[in-house]
Ligand SMILES: *Cc1c(COP(=O)(O)O)cnc(C)c1O
């Protein structure tokens, strides 16, 4: 049976990448060692981390005045690192669009000398849309934080706001490399790797140099400027995850780069949204103008029927389709590495289920 993995994260990786990793597992480039066994100071690993950075710079057209950092601690540690480094003694503005933004907001609130203000929220309707943002914000604020793609709720920012000299900081964990966002529109971008980049354990941070902290923060590992000065090698980085990320970046490049992959992602999403639109059984809980192309929740409106669908889907090899517990129903995460055939198989299965369950 073919398995299609709809997991929201850790998520499906390109098979071609796993095959290369398999072939190089025991002996990396005639070193007689696995990548996992290489010193992070060795020239072989240096080549890997440098290639990973330059590929990411090429794929996202990252300008020279931005640093790329390969860190640990997940996107969740960035919830604290961002305010710690950027907002000491200042105001930090947040847009609340889902469970992850709420966590980012509470992490910032936990810091003593950061003043947190939520400037827009869609919590009134269970985060089923991207809220209208104010046209202007306090120009002395440290940043405006947004979550470009809301993994759990299935919404995404179609357009990145501009607040003059106040930089936009983005949690891009679930749609980095799946959207042609312009890096120049952001002061900081961060993403946990386990959705579109590689294995869990690696976090990518892209930060405009003038936003690097001037003063050291209390813990060296949490200090952007120190990490940047050491080219992400202040301590042992997650070497194997960086190696897999490099292979994924090569794979994205071979798919036509971000433009090529985004086009494919849009087609995959369109196929599923068209099916939901035509269906008399399934509906999308998300407002049309706010829909994500990477995480697509859908429901029947009947918990028992959702459960029956999820059970039947599992038996057919559709893994991890169950919706997040806060939303219920189903959620298909169609990240870059998710194959089109998997979406075609899913929509065929949905049509069959609908026929058998009175949707006609
Ligand atoms: C998955 C996810 C996170 C959490 O990432 P961790 O790496 O587990 O900390 C944060 N934000 C968004 C948008 C996510 O999708």
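No lab work stands behind these numbers, since they all come straight from the coordinates. Note that the structure is a prediction, hence the values are computed from the model and not measured. Don't worry about glycine lacking a Cβ; one is built from the backbone with ideal geometry, like all the others, and counts go over all protein chains shown.
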Relative contact order (%) - the chain, alpha-carbon pairs under 8 angstrom, separation at least six: 23
How far apart, in nanometres, would the label points at residue 50 and residue 351 be if each is projected 7 angstrom from Cα along the Cα-to-Cβ direction? 5.3
If 44, 222 are placed from fewest to most neighbouring beta carbons inside 10 Å, the sequence is 44, 222
State the extension gain, in nm to one decimal, for the chain segment bounded by residue 229 and residue 110, taking 0.36 nm per residue of separation less the distance between their alpha-carbons. 40.1 nm
Per-q log10 I(q)/I(0), segment 257-312, q = 0.13, 0.14, 0.17 Å⁻¹ (Debye; single scatterer per alpha-carbon; no solvent): -0.39, -0.45, -0.62
Of the residues 31, 284, 106, which exhibits the maximal mean-square fluctuation in a Gaussian network model of the chain defined by a 10 Å Cα contact cut-off? 31
In what sequence, highest mean first, do 142-148, 333-339, 1-7 appear when ranked by Cβ atoms within 10 angstrom? 142-148, 333-339, 1-7
Hypothetical label at residue 29: residues of segment 39-74 whose amide nitrogen lies under 15 Å (7 Å Cα-Cβ projection): 39-55
Which FRET efficiency value, to the nearest 0.05, is calculated for residue 58 and residue 263 with the Förster distance at 22 angstrom and r the Cβ-Cβ distance? 0.75
Antiparallel as a % of all DSSP beta bridges within the chain, to the nearest 5? 55
Correct semi-axes for segment 257-356, from √(5λ) of the alpha-carbon gyration tensor and rounded to whole Å with the largest first, are 22, 15, 13
Need the C-alpha centroid separation for segment 97-167 versus segment 323-360, integer Å. 30
Using only DSSP helix segments of four residues or longer, with each worth -39500 (n - 2.57), what per-residue ellipticity at 222 nm results for the chain after dividing by its residue count and rounding to 500? -11500 deg cm²/dmol
Most fluctuating of 160, 49, 244 in the GNM of the chain (C-alpha, under 10 Å) is 160
Answer rounded, prolate or oblate for the chain, using the Cα gyration tensor with square roots of eigenvalues a ≥ b ≥ c: rounded when a/c is under 1.5, else prolate when a/b is larger than b/c, else oblate. oblate
Fluctuation leader among 253, 195, 159 - the chain, Gaussian network, Cα springs under 10 angstrom: 159
Figure the gain on full extension for residue 214 and residue 125 (residue separation times 0.36 nm, minus the Cα-Cα span) and round it to one decimal in nm. 28.0 nm
Going 7 Å from the Cα of residue 117 in the Cα-to-Cβ direction, what parts of segment 159-181 have a backbone nitrogen less than 20 Å from that spot? 161-170
